[in-house]
Amino acid sequence: MTRSRLAAGIVAVAIATGAALAIAPAAQAAAPPALRVPTCAAELAAALDSNAAAIDADIAGDTVGARAHNLDTLVILAGARHDCTCQPPRVRADIIAAATDSVHAAVSNSADDSAAALDSEDAVAAALTDALQIVWYAGV
């Protein structure tokens, strides 16, 4: 029973991640290039806020709420991937790393493992903080 719930949770997270990464950039393709830097920074900040909410939920022991915030973070990161295309390669690498760690956090929360999820969410926060610092420093 537990294995089937875990498998179902992993499949749901994988489908949500794939949909977010495929749909969000297409939905935002009409954004003018001149707005990408402020939009990039805003998306990264929103992802950082969503991740912070996931951390708070995990600390409170609410793995269901934390998983919802992890998935929200993934959707925001999918948009950031598109909006940050004009940024240095390190920013894009940080976005990919944050998305990967957010998937790990969602899977851990699906398995009711808050400790593992917190480790992944801390890694997400580090990657997003690094990306934001580069975006603001580059000012491109």
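The values are calculated or read from the model by the stated rules, or taken from the named source; none is laboratory data. Remember, it's a predicted structure, so these values are computed and weren't measured experimentally. Please note that ligands, DNA and RNA were not included when accessible areas were found on the heavy atoms of the full protein model with its side chains. Shrake-Rupley method; radii C 1.70, N 1.55, O 1.52, S 1.80 Å.
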(message) Per residue, how large is the accessible surface of the stretch 73-140? Use a 1.4 angstrom probe and give square angstrom.
(response) 42
(message) Taking the full set of protein chains and a 1.4 angstrom probe, give the accessible area of R92 in square angstrom, rounded to the nearest 10.
(response) 90
(message) Keeping all protein chains in the complex and leaving out DNA, RNA and ligands, what accessible area do you get for I134 with a 1.4 Å probe, in Å² to the nearest 10?
(response) 40
